[in-house]
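The block underneath contains the structure these notes are about, expressed in structure tokens.
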Amino acid sequence: MKINWGHKIFMVYALFVIGILVLSYKSSQQKFDLVQEDYYGAELKYQSVIDASKRANDLGGEMMLTQNQGKLFIQLPAFFEKEQFEGEAHLYCVADAKNDRVQKVKINNGRFEMELLNTTKGNYTLKLSIENKGLAYYFEKKVKI
């Protein structure tokens, strides 16, 4: 049996339509995680993070991270060695939100540590928020565990 050019054009269009339908179905089955559940609400409040980050940068120095024996040791600038501070450390996993860790921390002498024994290896961002006497400070640093 010989196929004429009209049937060949029809088969090309049919394959194209089937391909588009398959790709549409597969793309609708993909899961997209937002960085936060309330992404848009958090975006509106982000100016306070910008201000706290600028305040932390104005202190001079930077946050230093070291890893040893399943722990992450964090050293803050000299300003934080004067007294005790409290804050929140968020170890944000870039690849999977299930691996995120949030921990309340007490900072003594500008230092504190986080336990990493149950943490999945990968790329993380340490987001540290500190508040003292009505002033907020914010540090952020990438870390590979």
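Details
Yes/no per residue for (1) within 14 Å of the chain's Cα centre (by Cα); (2) closer than 18 Å to Asn132 by Cα; (3) surrounded by 14 or more Cβ atoms within 10 Å (Cβ to Cβ):
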site: Ile50; (1), (2), (3): no, yes, no
site: Ser53; (1), (2), (3): no, yes, yes
site: Gln75; (1), (2), (3): no, yes, yes
site: Asn99; (1), (2), (3): yes, no, yes
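- Any hit, the range 114-123, residues being touching a residue at least 24 places away in the same chain (Cβ under 8 Å), under 22 Å from Glu83 (Cα atoms) and assigned to a strand (DSSP E or B): yes
- Hits in the range 70-105 - residues which are closer than 24 Å to Gly122 by Cβ and among the basic types (Lys, Arg): Lys71, Lys98, Arg101, Lys104
- Which listed residue, of Val49, Val105, Val12, Val94, is of a type in the set (A, V, I, L, M, F, W, C) and over 20 Å from Lys142 (Cα atoms): Val12
- Residue in the range 17-32 that is closer than 30 Å to Ala78 by Cα and out of contact with any Ser or Thr (no Cβ under 7 Å at 6 or more places or on another chain) present: no
- Wholly within the range 1-104, strands (runs of 3 or more DSSP E) carrying at least 2 residues that are touching a residue at least 60 places away in the same chain (Cβ under 8 Å): 64-68
- Some residue of the range 103-113 being surrounded by 13 or more Cβ atoms within 10 Å (Cβ to Cβ), of a type in the set (Lys, Arg) and more than 19 Å from the chain's Cα centre (by Cα): yes
- One residue stands out in the range 1-34 among those that are under 24 Å from Val94 (Cβ atoms) and surrounded by 10 or more Cβ atoms within 10 Å (Cβ to Cβ): the one that is modelled with the highest pLDDT, namely Asp33.
- Residues located in the range 106-121, provided they are over 15 Å from Leu65 (Cα atoms) and in contact with a strand residue (DSSP E or B) (Cβ under 6 Å, 6 or more places away or on another chain): Lys106
The values are calculated or read from the model by the stated rules, or taken from the named source; none is laboratory data. Here the structure is a predicted model, which is why all the values come from computation and not from measurement. Cβ sites come from the backbone with ideal geometry, for glycine too, and all protein chains shown count toward neighbours.
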